[in-house]
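Peer 1: The structure's right below; bear with me while I get my questions together.
The values are calculated or read from the model by the stated rules, or taken from the named source; none is laboratory data. Given the structure is predicted, the values throughout are model-derived calculations rather than measurements. Note that we place each Cβ from the backbone using ideal geometry, even for glycine, and neighbour counts take in every protein chain shown. With ligands, DNA and RNA removed, areas are computed over all heavy atoms of the protein, side chains included. Shrake-Rupley method; radii C 1.70, N 1.55, O 1.52, S 1.80 Å.
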Amino acid sequence: MRPHWTEKTDAMAGRISQMQRVLVASDFDGTLSELVDQPKSASLHPNARVALLKLSDLQPRVQLAFLSGRSLHDLKTRLPAVSDMAALAGNHGLEICGGGLNFNHPAGLETRSALDALSLQLNRICRQIAGVELEDKGLSLTLHYRRISSRDLILFERRISQLWLAENIGRHSGKMVVEFRPRVDWNKGHALRLIIHHFGIPPDSVYYLGDDQTDEDAFSEIAGQGHAVHVGNANGLSRAALNAHDPEDAAKFLQWLAERLTEGQGSFHR
Ligand SMILES: [Mg+2]
């Protein structure tokens, strides 16, 4: 079982004061916000907001990055103030901006017409099965089915398996969501690598928090060097070395990190 982050604070604290530059990167849904039935109503956990504002104050020594399956615009609106100088990666890294970065994966434009055709099929599913909602995120499409009744689940799964998908569109399952996005070798791990490289942060000074399957690519990217924190059930398979129980616990970790970095700030300037 993965150790809870508090079991490793002694080992981490010693290293933090030595770190000259730090990247704190995080997923949003289920990591910085509680999972909710309506994705539109997800909001930043108030304790995470306090911790992230403290970390923002430590810029430029501390850089912040947020990587999400949400569109860039959607992600930004959910991180008021804390995202001002941060790098934001939307659509699992297909679009990245902020912190001096401006990146758009070319596959985004190439697949839009295929996504338009697919959305006609997905809208039909939404009309036929209650509790299924389609979100168009520009570069990808997401079906949310958190509110589906259990008796409709088999029908939903059958309809998903019967979809006709263009060759350049891939299907991905997450927590009560099915996502359709360009079939490219590009994920949160690649996006994190690009952000780390852009800020010039040593890999052992990178923290990444996430809760879902798509975060595993980011965990792998920093495995053995950086500090990966899986948020949620500690028994679940994950490449992250550390665990936080839930978004509230993840906020406590960020708070702890902000305090250690604030202490280290004095020695950094001396
Ligand atoms: Mg998540």
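Peer 1: Scan the range 74-86 for residues that are assigned to a helix (DSSP H, G or I) and touching a residue at least 40 places away in the same chain (Cβ under 8 Å) and jot them down. Can you show your working first?
Peer 2: In the first step, residues of the range 74-86 are kept if they are assigned to a helix (DSSP H, G or I); the result is 74-77.
Across the range 74-86, the qualifying residues are ASP74, LEU75.
Peer 1: Right, another one. Could you check, for the range 92-101, whether at least one of its residues is on the phi > 0 side of the Ramachandran plot, open to solvent by 60 Å² or more (accessible area, probe 1.4 Å) and among the small types (Gly, Ala, Ser)?
Peer 2: Of the residues in the range 92-101, the ones on the phi > 0 side of the Ramachandran plot are 92-93, 98-100.
Cutting the leftovers down to open to solvent by 60 Å² or more (accessible area, probe 1.4 Å) gives us 100.
If we keep only those that are among the small types (Gly, Ala, Ser) too, we end up with 100.
Yes - at least one qualifying residue is present in the range 92-101.
Peer 1: Also: Restricting to the range 87-101, name every residue that is in a strand (DSSP E or B) and either outside the structural domain of SER71 (by TED's automatic domain parsing) or in contact with a strand residue (DSSP E or B) (Cβ under 7 Å, 6 or more places away or on another chain) (or both).
Peer 2: Pass one, the range 87-101, residues in a strand (DSSP E or B): 87-90, 95-98, 101.
Within the range 87-101, ALA87, LEU88, ALA89, GLU95, ILE96, CYS97, GLY98, LEU101 qualify.
Peer 1: Give me the residue from the range 22-63 that is assigned to a helix (DSSP H, G or I) and crowded, with 20+ Cβ neighbours inside 10 Å and, out of that set, farthest from the ligand (Cβ to nearest atom).
Peer 2: Looking only at the range 22-63, we keep the residues that are assigned to a helix (DSSP H, G or I), and these are 39-41, 46-57.
Then drop every residue that is not crowded, with 20+ Cβ neighbours inside 10 Å, which leaves 48, 51-52, 55.
On the way: ALA48: 13, ALA51: 17, LEU52: 16, LEU55: 19 Å.
So the residue we want is LEU55.
Peer 1: Quick check on my filter: what residues within the range 64-91 are open to solvent by 20 Å² or more (accessible area, probe 1.4 Å), touching a helix residue (DSSP H, G or I) at 6+ places or on another chain (Cβ under 8 Å) and on the phi < 0 side of the Ramachandran plot?
Peer 2: SER71, LEU72, ASP84, MET85, listed by residue number.
Peer 1: Mind counting the residues in the range 179-195 that are within 16 Å of the chain's Cα centre (by Cα), open to solvent by 40 Å² or more (accessible area, probe 1.4 Å) and among the basic types (Lys, Arg)?
Peer 2: 1
Peer 1: If you scan the range 124-138, which residues turn out to be assigned to a helix (DSSP H, G or I) and surrounded by 14 or more Cβ atoms within 10 Å (Cβ to Cβ)? Reasoning before the result, please.
Peer 2: If we filter the range 124-138 for residues that are assigned to a helix (DSSP H, G or I), which is where we start, we get 124-128.
ILE125, CYS126, listed by residue number.
Peer 1: Could you give me the residue pairs with C-beta distances under 7 Å whose first residue belongs to the range 211-223 and is touching a residue at least 12 places away in the same chain (Cβ under 8 Å), whose second residue is open to solvent by 50 Å² or more (accessible area, probe 1.4 Å) and in a loop (DSSP other than H, G, I, E, B) wherever it lies, and which are 6+ apart or on separate chains?
Peer 2: ASP212/LYS175; GLU216/ARG239; PHE219/ARG239; SER220/ARG239; ALA223/ARG239
Peer 1: Moving to a separate point now. Filter the range 227-239 down to residues that are touching a residue at least 40 places away in the same chain (Cβ under 8 Å) and open to solvent by 10 Å² or more (accessible area, probe 1.4 Å) and give me whichever is farthest from the chain's Cα centre (by Cα). Reasoning before the result, please.
Peer 2: Step one: list which residues in the range 227-239 are touching a residue at least 40 places away in the same chain (Cβ under 8 Å), which gives 227, 229-232, 234-235, 238.
Okay, now just the ones that are also open to solvent by 10 Å² or more (accessible area, probe 1.4 Å), so 227, 230, 232, 234-235, 238.
Numbers: HIS227: 15, HIS230: 11, GLY232: 14, ALA234: 18, ASN235: 20, SER238: 15 Å.
The selected residue is ASN235.
Peer 1: Further, regarding this structure: Looking at (1) outside any helix (DSSP H, G or I); (2) over 30 Å from PRO60 (Cα atoms); (3) among the aliphatic types (A, V, I, L, M), which one does ALA117 not meet, given that it meets all the others?
Peer 2: If we test ALA117 against (1) outside any helix (DSSP H, G or I); (2) over 30 Å from PRO60 (Cα atoms); (3) among the aliphatic types (A, V, I, L, M), just (1) comes out false.
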